[in-house]
Amino acid sequence: MKLAIVHEWLNIYGGSERLLAEILRLHPQAHLHALIHNRQNLIGTPLEGRQVKTSFLQAIPKVEHLYRGLLPLMPLAVESMNVRAYDVVLSISHAVSHGIKTHNGQIHISYVCTPMRYAWHLQDDYLYLHHLDRPIIGAAARWTLSLLRRWDRVSAPRANHLLAISHWTAQKIRQAWDRDSQVICPPVHVERFSPAKERGEFYIHVSRLVPYKMTAEIVKAFNELGLPLIVVGDGPEMPNLKKIAHENIQLLGHQPDEVVADLLKRAKAFVYMATEDFGIAMVEAQAAGCPVIACGKGGAVEIVREGETGLLFQEQSSRSLSEAVLRFQDMKLKSEAARENAARFSVERFRREFTAYFNSVVS
């Protein structure tokens, strides 16, 4: 069996790349395809040294910095990629890779992190991030995104089988594409984490610093609360966060995995506000015995057990988070409950579920 795996942009090692790495462990013989590939940024990860066949976007100078602005070209790029020689095509999609063109003799499985979020529920975030929210250029950008939504609907039936990383994503697939999907949650290396004997008094937030993660609202909440907060991560929001953060907030930027694990094992709680398709960072916090305070939307509802392993608040606002933190101050949650909860998303569970599904489809 010849297997092709199609990813979108391989320029950081994030959630979908961790999913990809685990699938490659199960299928090391697979050939990897991606729209763009930044080898330098993957050094020291399981994807280091992996051969990747890329699209014409790779030839654009400094494409690793421009790729999100090239979203209108991505349907053309993915459709230009040739995977006709393979028996099975597995696309890992959070934008366009589900639209890869296959023929009737092939099996196409699409593992969907989310339908194209920038064209659907995060349209305003995309426009803001790329300074496309001004009157004239904004109208043109919205028209372009409407064309992308149309392409997204047309290309969705190209996959014979759909997997979703969460029930939230399955719901979004139903809304956008009018198709059903099977849920297999992504793998989390929960064994890397363990709780400290005593937890500290600081709160922690770990995330890429992009607008939809709403880190600025978290910082505003802790400015008002005056409680210690550590923010781990980097991205275009960092300059703004440096301007608004008070002295009780530490902005550490990107940190190695072992530093993050150490902070999670000692933190009083992990705070999060974004509506995530799944939320690996929340599972990792639970694996470290760390309670999670998160907005009760998206993957957080599937990960956090209200009142047992964390607390869910309803509005994506600094005020709602502040109220939740004050409620949490009077709660006593057991680290063991959080760790047991995180075990539901282990790598071993993923390997079992994904292998059974893949074999049933291919056979």
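Where helices (runs of 4 or more DSSP H) fall wholly inside segment 1-95, the ranges with 3 or more residues that are touching a residue at least 40 places away in the same chain (Cβ under 8 Å) are 15-26, 74-79. All conditions in (1) under 16 Å from the mean Cα position of the chain (by Cα); (2) assigned by TED's automatic domain parsing to the domain that holds Met282; (3) buried (at least 17 other Cβ atoms within 10 Å of the Cβ) hold for Ala245, with the sole exception of (1).
Can you work out which of the residues in segment 190-208 that are touching a strand residue (DSSP E or B) at 6+ places or on another chain (Cβ under 8 Å) and not charged (D, E, K, R) is farthest from Ala338 (Cα to Cα)? Result: Ser207.
Say whether the condition of being over 22 Å from the mean Cα position of the chain (by Cα) and either at pLDDT below 95 or outside the structural domain of Leu263 (by TED's automatic domain parsing) (or both) is met by at least one residue in segment 177-194. Checked against the condition, which is being over 22 Å from the mean Cα position of the chain (by Cα) and either at pLDDT below 95 or outside the structural domain of Leu263 (by TED's automatic domain parsing) (or both), segment 177-194 yields at least one hit.
In the set (1) out of contact with any helix residue (DSSP H, G or I) (no Cβ under 8 Å at 6 or more places or on another chain); (2) under 15 Å from His205 (Cβ atoms), Gly310 fails one condition alone, (1). Scanning segment 256-313 for residues that are within 20 Å of the chain's Cα centre (by Cα) and among the basic types (Lys, Arg) returns a single hit, Lys297.
Could you list, in sequence order, all residues of segment 30-48 that are under 27 Å from Pro75 (Cα atoms) and either loosely packed, with under 12 Cβ neighbours inside 10 Å or charged (D, E, K, R) (or both)?
The initial filter retains those residues of segment 30-48 that are under 27 Å from Pro75 (Cα atoms), namely 30-42, 47-48.
Scanning segment 30-48 gives Arg39, Gln40, Glu48.
The values are calculated or read from the model by the stated rules, or taken from the named source; none is laboratory data. Remember, predicted model here, so these are calculated numbers, not experimental data. For neighbour counting, all protein chains shown are included, and Cβ atoms are generated from backbone atoms with ideal geometry for every residue, glycine included.
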